[in-house]
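The values are calculated or read from the model by the stated rules, or taken from the named source; none is laboratory data. Predicted model only: the values in this text are computed from it and were never measured. When we count neighbours, we look across all protein chains shown, and the Cβ atoms used for this are built from the backbone with ideal geometry, even at glycine.
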Amino acid sequence: MGQQIFQYPQMFYSDLACKYGLDVAVFVTGLQQKIFNYAEQKNWDKRIKPEVETLVVNGLIYAPFALKDLQKEFPWWTQKQIQLIKANAVKANLLHQDCFSANPWDRTAWYAVDLDGG
């Protein structure tokens with residue numbers, strides 16, 4: 001048997017799963033946790049550069065994720081599945097997507113989770 005990698009347990013909000021489906025609930029909840037972890041790193045020790053920059057806009061915390069980064073976070077889904085789930089979450093107003101990169105050539109999408117938007 002190959003090497004197993006154990007990460008944190010994947011949790012989700014059951015009311016989101018009932019309303020929007022299990023895939024959207026798992027995706028949004030996982031992304032929310034990752035964004036909060038990045039924001040916490042930023043606030044924990046100002047002397048240490050955080051793993052990923054975060055940005056607060058209109059009370060929402062945004063963090064950048066390329067599709068390949070999302071694939072690493074959710075390895076049980078293909079990139080096409082992630083794109084579809086992401087589109088469903090944006091359509092439901094649970095996920096906000098924008099581009100805040102300083103480099104005009106960098107089109108990495110920044111995401112914020114808004115559980116009150118859905």
Looking at the stretch 55-103, which of the residues that are more than 19 Å from Thr29 (Cβ to Cβ) and among the hydroxyl-bearing types (Ser, Thr, Tyr) is surrounded by the most Cβ atoms within 10 Å (Cβ to Cβ)? Ser101
Taking Ala25 as the residue in question, decide whether it is at pLDDT 85 or above, small (Gly, Ala, Ser), surrounded by 15 or more Cβ atoms within 10 Å (Cβ to Cβ) and not in a helix (DSSP H, G or I). no
